[in-house]
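Take a look at the structure below.
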Amino acid sequence: MTNDCIFCRIAAGEIPATIVAENDQAIAFRDLHPQAPVHVLVIPRRHVRSLDAADDVGELGAVMQLAAAVARQEGIADTGYRVVGNTGDDGGQTVHHLHMHVLGGRAMSWPPG
């Protein structure tokens, strides 16, 4: 855990969040500033700075499996959803803890911003 990382603190239960699902290696919670009717963040419990720094295939699999489980749980799996991961400042990553956005509940346009 990194003490100055908000996502580490959420994973540790130090900062409240609306947890929607979890597994041994990952946790999913609602985004505070949703960009779609369903907007859930899925993070590894362990601090990993970004996708570029990820080194555990099992952990990445756990994050992606949880993202798919969240989509099913939220009722968006059948109609479709988007899973987005931003990496680095130019990629739009604002919290430097690996996280995936699960977005759905409306049609998504392409290309994204």
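Every read-out reported here was derived from the displayed coordinates using simple, explicitly stated rules and does not represent laboratory data. No experiment lies behind these values; they were computed from the predicted model shown. When we count neighbours, we look across all protein chains shown, and the Cβ atoms used for this are built from the backbone with ideal geometry, even at glycine.
At a glance:
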{"read-out": "Sum of side-chain charges, Arg45 neighbourhood, beta-carbon under 14 Å (Lys, Arg +1; Asp, Glu -1)", "value": "-3"}
{"read-out": "Local electrostatic count at Ala62 - Lys and Arg +1, Asp and Glu -1, tallied over other residues with Cβ under 13 Å", "value": "-2"}
{"read-out": "The chain, relative contact order in percent, only Cα pairs under 8 angstrom and at least six apart counted", "value": "29"}
{"read-out": "Distance in nm between pseudo-label sites at Asp52 and Asp78 (7 Å out along the Cβ direction from Cα)", "value": "4.1"}
{"read-out": "Whole-Å semi-axes of the ellipsoid equivalent to the chain (Cα gyration tensor, √5λ, descending)", "value": "21, 16, 14"}
{"read-out": "Size of electric dipole in region 6-104: Cβ of Lys, Arg +1 and of Asp, Glu -1, about Cα centre, debye, nearest 20", "value": "200"}
